[in-house]
Amino acid sequence: MTSPPSRAGIHLEPWQAAALEAGKFFPALQGGLRDPDAPDDVPNNTPPVDGKIASAGLDFAASLDEPRDDWTKHPVHAGQQLEVTWHMHAPHKTRRWNYFFTSSSWDPKKPLARAQFDPDPIMTIMNTGQPYWASDSLMPDNPTVHQVTLPNDRKGYHVLLAVWEVADTGNAFYQVIDLNLT
């Protein structure tokens with residue numbers, strides 16, 4: 001993710017930020033699940049555990065999981081459309097992107113956990129081509145740009161979790177963006 005810069009994009013080397021990969025189907029906790037919208041896709045690997053969501057559970061990125069006051073927060077407005085841009089270092093057949101937002105009661109002094117996010121994504125972009133091995137429509141544009149509408153009912157510091165789910169592997173790519181909503 002290149003715009004706005006994610007926490008990983010700001011604090012890691014580019015190759016590290018592009019490697020934040022763990023099992024798909026967040027907020028699921030278990031691996032081996034089939035996609036209900038595309039049962040021929042590769043089942044998921046285990047998604048990152050609570051407290052290790054920002055790092056996708058990877059040791060080299062563990063610092064991203066720390067609850068800190070000094071994360072770079074991008075100024076935005078409640079209800080605005082935030083343009084999110086992904087540049088693909090290694091294009092993958094893509095099933096969907098999900099964007100999750102921290103709940104109104106989240107605690108920024110605690111590591112990111114499933115309970116800190118609204119249970120449903122604020123936006124899903126779905127690629128419907130099936131089966132994945134015979135569908136050229138699953139290759140995303142490079143770059144891929146989404147207009148994500150931020151919640152109207154949030155103010156102050158919040159986190160947007162972006163999850164790019166791949167059809168032909170069990171993984172997804174995880175990025176968090178720190179925001180300050182006015």
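Values quoted throughout were computed directly from the atomic coordinates according to the rules given, and no laboratory measurement underlies them. Because the structure is predicted, anything quoted here is derived from the model rather than measured. Note: ideal-geometry Cβ built from the backbone for every residue, glycine included; neighbour counts use all protein chains shown.
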Worksheet item: Going by how many other beta carbons lie within 10 Å of each one, how would you line up Met126, Met1, fewest first?
Response: Met126, Met1
Discussion item. Suppose only helical runs count, i.e. DSSP H with n ≥ 4. What mean residue ellipticity at 222 nm does that imply for the chain under -39500 (n - 2.57) per run, divided by all residues and rounded to the nearest 500 deg cm²/dmol?
Written reply: -1000 deg cm²/dmol
Response to the item:
With +1 on the Cβ of every Lys and Arg and -1 on the Cβ of every Asp and Glu, the dipole magnitude of the range 60-182 about its Cα centre, in debye rounded to the nearest 20, is 140
Worksheet item: What distance in nm separates the simple spin-label points at Ser3 and Arg68, each placed 7 Å from Cα in the Cβ direction?
Response: 2.6
Response to the item:
Ratio for the range 82-182, C-alpha Rg to 2.2 N^0.38 Å, reads 1.17
Item to complete: Just the number, please: Stokes-Einstein D of the chain in µm²/s, Kirkwood Rh from C-alpha pairs, 25 °C, 0.890 mPa s.
Response: 150
Worksheet item: If you rank Leu112, Leu150, Leu64, Leu58 by fewest surrounding Cβ atoms within 10 Å, what's the result?
Response: Leu58, Leu150, Leu112, Leu64
Worksheet item: To the nearest 0.05, how large is the calculated FRET efficiency for Lys155 and Asp40 if R₀ is 35 Å and r is the Cβ-Cβ distance?
Response: 0.20
Worksheet, complete the sentence: Taking every C-alpha to C-alpha distance in the range 35-112 and binning by 10 Å from 0, the per-bin percentages run 12, 34, 39, 14, 0
Discussion item. Tell me which of Val176, Trp106, Asn142 sits at the most positive position along the dipole axis of the chain, charges placed on C-beta atoms (Lys, Arg +1; Asp, Glu -1).
Written reply: Trp106
Fill in: For the chain: lysine pairs under 24 Å (alpha-carbon distance), excluding those fewer than 8 apart on one chain
11
Discussion item. Taking a virtual spin label 7 Å from the Cα of Arg114 along the C-beta vector, which residues in the range 2-40 bring their backbone nitrogen under 14 Å of it?
Written reply: 23-33
Response to the item:
Rounded to whole angstroms and listed largest first, the alpha-carbon spread of the range 19-72 along its three principal axes comes to 42, 18, 17
Item to complete: Only Cα pairs under 8 Å and at least 6 apart count here; give the relative contact order of the chain as a rounded whole percent.
Response: 32
Discussion item. Counting other beta carbons within 10 Å of each residue's own, what order do Val148, Val84 fall into, fewest first?
Written reply: Val148, Val84
Worksheet item: For labels at Gln147 and Thr182 in the simple 7 Å Cα→Cβ model, what's the distance in nm?
Response: 2.3
